[in-house]
Structure formats: C-alpha cells, structure tokens
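Q: I'd like to ask some things about the structure below.
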Amino acid sequence: VQLQASGGGLVRPGGSLRLSCAASGSIFRLNVMGWYRQAPGRQRELVAVMGNGGSTGYADSVKGRFTISRDNAKNMVYLQMNSLKPEDTAVYYCKVVQGLVDYWGKGTLVTVSS
C-alpha cells in the first residue's frame, strides 16, 4: 500500500487547510486511517484517527478545530484544519492500517505563521 499526502503549505494563524491522503496499491480492506504530525525537535504524535465504521479520535490539542473524514470508495482520508495556530506547524503524515500492518505516507509540511 502506498500513501500520497497533499495539501500542506503556509497559512496565517486562524486560517484553514485541508489535507488529503490517497491510498493505492494492494488494498483489500483499510481499517484505521489517520493523521499524525511531527514538529521540529519533537516526537511524532497522533492528530486524528478514524475507523472504517466511522468512529473517530482526536488529540486534545486539535479537538473542535480539526475534522477527519474518509472516502472508502476512493481510499482517501482527509483532515480539515481550521483555526490553525503556530503550534500546529509540523510535518503531517497519514497512516493506514490493513490487517496487522501499518503503512505511512511521506508527509506534507504545514507551516502556520504570520
């Protein structure tokens, strides 16, 4: 399974971005799809996840601002990010789980700065 994330960029504080991640390759059933991020000098952390039944989980720091969604027919996962803050600056990675295997994308950089 290959993952291609897109949608990152430079945005001012308070702005919005929408990240997309497309899964391709040998896909039979994607279970959890999610987004993680890694800021400079920090460990990678969970941002949001979504099960194939629609259940979601969010980091406390993004609750109420970020929304994860997925399109199972297109093997896509999205992250709508609103009210962005400078501390949201990071490389954002998508991850999917198929069977017992985790697959990671290469990441897309989000920079929140005035």
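Q: Given a 1.4 Å probe and heavy atoms of the protein chains only, how would you sort 91, 101, 47, largest accessible area at the top?
A: Sorted by accessible area, descending: 101, 91, 47.
Q: Output wanted: per-residue J couplings in Hz (rounded whole) for the range 8-19, from phi through Karplus 6.51 cos²θ - 1.76 cosθ + 1.60, θ = phi - 60°, x for Gly and Pro.
A: x, x, 9, 9, 7, x, x, x, 10, 9, 10, 8
Q: Name the long-range amide H neighbours of residue 31: under 5 Å, sequence gap of 5 or more, or other chain; modelled H, no Pro or chain starts.
A: 97, 98, 99
Q: Moving to a separate point now. What does the net charge come to around residue 96 if you take all other residues with beta carbon closer than 10 Å to its beta carbon, with K and R at +1 and D and E at -1? Before the final figure, lay out the partial values.
A: On the way: positive: 70, 95; negative: 102.
Neighbour charge sum, excluding residue 96 itself: +1.
Q: To continue, here is another question. Quick check for you: which residues of the range 24-66 have the amide N under 14 Å from the point 7 Å beyond the Cα of residue 113 toward its beta carbon?
A: Correct set: 40.
Q: To the nearest 0.05, what FRET efficiency results for residue 85 and residue 106 with a Förster distance of 25 Å applied to their C-beta separation?
A: 0.55
Q: Can I ask one more? Compute the distance in nm between two label points, each set 7 Å from the Cα along the Cα-to-Cβ direction, one at residue 24 and one at residue 10.
A: Computed distance between label sites residue 24 and residue 10 equals 2.9 nm.
Q: Moving to a separate point now. Answer with one residue from 15, 28, 91: the one whose Cα lies farthest towards the positive end of the charge dipole of the chain, charges on Cβ with Lys, Arg +1 and Asp, Glu -1.
A: The residue sitting most towards the positive pole is 15.
Q: Apply the Karplus parameterisation 6.51 cos²θ - 1.76 cosθ + 1.60, with θ equal to phi minus 60°, to every residue of the range 33-45 and state each ³J(HN,Hα) to the nearest whole Hz, in sequence, with x for glycine and proline.
A: 10, x, 10, 10, 9, 9, 8, x, x, 10, 7, 5, 9
Q: In nm, to one decimal, how far is the modelled label at residue 60 from the one at residue 2, with both set 7 Å along Cα→Cβ?
A: Result for the modelled spin labels: 4.0 nm.
Q: Please compute the contact order of the chain in relative form: average sequence separation of alpha-carbon pairs under 8 Å and at least six residues apart, divided by the residue count, as a percent. Write down the numbers at each step before the final one.
A: Numbers: 281 pairs, mean separation 43.3, N = 114.
Relative contact order for the chain comes out at 38 percent.
Q: In whole percent, and with a 1.4 Å probe on the protein chains, what portion of the accessible area of the chain is carbon and sulfur?
A: Details: 2960 of 6040 Å².
Roughly 49 percent, rounded to a whole number.
Q: To the nearest 10 square angstrom, what accessible area does residue 69 show with a 1.4 Å probe?
A: Accessible surface of residue 69 is approximately 40 Å².
The values are calculated or read from the model by the stated rules, or taken from the named source; none is laboratory data. Everything numeric here is computed off the predicted structure, so don't read it as measured data. Every residue, glycine among them, receives a Cβ derived from its backbone with ideal geometry; neighbour counts consider all protein chains shown. These area figures cover heavy atoms from the full protein model, side chains too; ligands, DNA and RNA do not enter into them. Shrake-Rupley method; radii C 1.70, N 1.55, O 1.52, S 1.80 Å.
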